[in-house]
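A short write-up of the structure that comes next.
The values are calculated or read from the model by the stated rules, or taken from the named source; none is laboratory data. For clarity, every value in this text was computed on a predicted model and none was experimentally measured. Because the Cβ atoms are built from the backbone with ideal geometry, glycine has one as well, and the counts that use them run over all protein chains shown.
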């Protein structure tokens with residue numbers, strides 16, 4: 001089973017489009033009507049939908065790390081800095097994650113792009 005992704009508002013549309021053209025299941029916070037949600041609620045929403053959250057927001061990364069420390073479950077976070085990771089690299093790495101891993105591998109996990 002492939003991984004479905006949930007994008008927060010900071011992710012460029014070019015990444016969304018590139019992944020969709022490759023057949024990756026992506027839902028954006030804009031499409032879901034959650035662009036104004038606080039980070040904790042956004043992570044809850046992605047988890048409730050069974051999606052791994054991709055973000056370029058350091059505050060959301062901190063929220064995930066707090067949950068790891070407290071042992072609070074969440075569906076997983078993938079983080080890439082806004083500068084330093086090219087759009088094409090994000091697309092390639094996220095496609096690999098979506099197609100080569102399973103959702104249960106992402107529970108309570110935080111990972112970073114670019115993949116090495």
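The set of residues in the range 65-89 being under 18 Å from residue 11 (Cα atoms) and under 11 Å from the mean Cα position of the chain (by Cα) consists of 76, 77, 78, 79, 80.
When the residues of the range 8-20 are filtered to those that are closer than 16 Å to residue 89 by Cβ and without any contact (Cβ under 8 Å) to a residue 40 or more places away in the chain, the one that is farthest from the chain's Cα centre (by Cα) is 17.
Do you know which residues across the range 1-21 are outside any helix (DSSP H, G or I) and surrounded by 14 or more Cβ atoms within 10 Å (Cβ to Cβ)? Those that are outside any helix (DSSP H, G or I) and surrounded by 14 or more Cβ atoms within 10 Å (Cβ to Cβ): 2, 3, 4, 5, 6, 7, 8, 9, 10, 11.
Determine whether residue 46 is more than 21 Å from residue 20 (Cβ to Cβ), in contact with a strand residue (DSSP E or B) (Cβ under 6 Å, 6 or more places away or on another chain), assigned to a helix (DSSP H, G or I) and touching a residue at least 40 places away in the same chain (Cβ under 8 Å). So residue 46 does not fit the description; no.
Taken over the range 59-89, the criterion of being in contact with a strand residue (DSSP E or B) (Cβ under 8 Å, 6 or more places away or on another chain) and in a helix (DSSP H, G or I) is satisfied by 60, 61, 64, 65, 68. Annotation: of all residues in the range 90-116 being in contact with a helix residue (DSSP H, G or I) (Cβ under 7 Å, 6 or more places away or on another chain) and in a loop (DSSP other than H, G, I, E, B), the one that is farthest from residue 10 (Cα to Cα) is 108. Scanning the range 34-56 for residues that are out of contact with any helix residue (DSSP H, G or I) (no Cβ under 7 Å at 6 or more places or on another chain), surrounded by fewer than 16 Cβ atoms within 10 Å (Cβ to Cβ) and either within 22 Å of residue 82 (Cα to Cα) or modelled with pLDDT under 95 (or both) turns up 36, 38, 41.
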